[in-house]
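> If you scroll down you'll find the structure; I have some questions about it.
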Amino acid sequence: MTYANNSPIPITVLGLGAMGQALAGAFLDAGHPTTVWNRSTGKGEQLVARGAVRASSAEEAVRAGELVVVCLVDYDASDKVLTPLAGALAGRVLINLGSDIPQRAREAAAWAKEHSLDYLDGAVMVPVGVVGTERALVLYAGERAVFDRCGSALKAIGEPAAFLGEDHGLAAAYDMAMLDFFYGAMGGLVHAFALARAEGIDGAALAPYLNTIAGILPDIVERTGADVHSRVYEGSGANLAMMTASVEHILHTTKGRGLDTGQLVAIKAAAERAIAAGHGPDSWSSIVEVLDER
């Protein structure tokens, strides 16, 4: 997204938390004239020193950019900022990179459509230190034509910019699913270290062995995704009943050491529901069939 003379377009960033500052910094690094605004004062001095323009109001900031990127804590916050600015946003591309649930993203898209605004919803899937690098995964959803208008500018914060589809809730849905995996894994990770410590094992000594588990996860993710898509759960190598017995052993050890058992109890309960539904001979992936409680 450039001017006719191929100069980088002006971009506005609303919200200067750690992620907002990282986004604005990446746009500056790519040569985009960048205007910034934050609800509270005292943030963004380094960006201004690098050439960003600090707007005195959200409306002033919006009118300075062709691409307006919002990065606030959630959609309650962004709604408060954006609702009075529908007129100022006309003719610009609005992208919300804050975090919230898919339904809120769809509601924001409906508001934008009501006001004839070009809108994309997005999710930044990396820490602030990775923004602006080739390892920065940023997801987008919305009208393809709108994405195509600004896709080149968006590569400044993460390349490739990943377009998921025209349902505005898709970026948030991917975000929730990926973070579901991440936080579940992180819960298991710290619990493993707690169990090791209770057994007198130093964390640093365990870490290299845990990394062997982490190393097999990519293949497991691919295989599980294929199983869930096909709904075929071949379990000849390691079936659910056998693996649930292992969970029971971990749970017994955990209880014996007086550690929290919440996550393990939940895992075992889901596995036992799947076994009761006839999935004992199937793979661990078959648990997905009993997780929908509607």
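> Checking Gly25 against (1) in a helix (DSSP H, G or I); (2) at pLDDT below 95, which test does it fail?
Single failed check for Gly25: (2).
> Still on this model: Which residues, counting only those in region 56-76, are surrounded by 24 or more Cβ atoms within 10 Å (Cβ to Cβ), assigned to a loop (DSSP other than H, G, I, E, B) and in contact with a helix residue (DSSP H, G or I) (Cβ under 9 Å, 6 or more places away or on another chain)?
Cys71, Leu72
> Got a number for residues in region 40-55 being in a loop (DSSP other than H, G, I, E, B) and either crowded, with 18+ Cβ neighbours inside 10 Å or at pLDDT below 95 (or both)?
7
> Let me ask something else about it. Would you check if Leu120 is within 24 Å of Ala77 (Cα to Cα), surrounded by 15 or more Cβ atoms within 10 Å (Cβ to Cβ) and under 12 Å from the mean Cα position of the chain (by Cα)?
So Leu120 fails the test.
> Do any strands (runs of 3 or more DSSP E) lying entirely in region 107-174 carry at least 1 residues that are within 21 Å of Ala88 (Cβ to Cβ), of a type in the set (A, V, I, L, M, F, W, C) and not assigned by TED's automatic domain parsing to the domain that holds Leu97, and which ones are they?
Of the strands (runs of 3 or more DSSP E) lying wholly inside region 107-174, none has at least 1 residues that are within 21 Å of Ala88 (Cβ to Cβ), of a type in the set (A, V, I, L, M, F, W, C) and not assigned by TED's automatic domain parsing to the domain that holds Leu97.
> Further question: Run down Ala109, Ala30 and say which single residue is modelled with pLDDT of 95 or more, closer than 16 Å to Lys155 by Cα and not β-branched (Val, Ile, Thr).
Criteria check complete, one pass: Ala30.
> Is there a residue being of a type outside the set (D, E, K, R) and either farther than 25 Å from Ala177 by Cβ or modelled with pLDDT under 95 (or both) anywhere in region 215-228?
no
> How many residues are part of a loop (DSSP other than H, G, I, E, B) and either exposed (fewer than 14 other Cβ atoms within 10 Å of the Cβ) or at pLDDT below 95 (or both) if we restrict to region 235-273?
So the answer is 7.
> Here's a follow-up. Looking at Arg294, is it not β-branched (Val, Ile, Thr) and not in a loop (DSSP other than H, G, I, E, B)?
For Arg294, the condition - not β-branched (Val, Ile, Thr) and not in a loop (DSSP other than H, G, I, E, B) - is not met.
> Okay, next question. Considering only residues of region 83-97 that are part of a strand (DSSP E or B) and among the aliphatic types (A, V, I, L, M), which is surrounded by the most Cβ atoms within 10 Å (Cβ to Cβ)?
Only one residue fits best here, namely Leu94.
> Just to verify a result, which residue in region 222-232, among those that are assigned to a helix (DSSP H, G or I) and in contact (Cβ under 8 Å) with a residue 40 or more places away in the chain, is nearest to Ala185 (Cα to Cα)?
Thr224
> Follow-up. Check off (1) in a helix (DSSP H, G or I); (2) within 15 Å of the chain's Cα centre (by Cα); (3) among the basic types (Lys, Arg) for Lys80 and give me the number that stays unchecked.
So the condition that Lys80 fails would be (2).
The values are calculated or read from the model by the stated rules, or taken from the named source; none is laboratory data. Everything numeric in this text was worked out from a predicted model, so none of it was measured. All Cβ positions, even for glycine, are placed from backbone atoms using ideal geometry, and neighbour counts span all protein chains on display.
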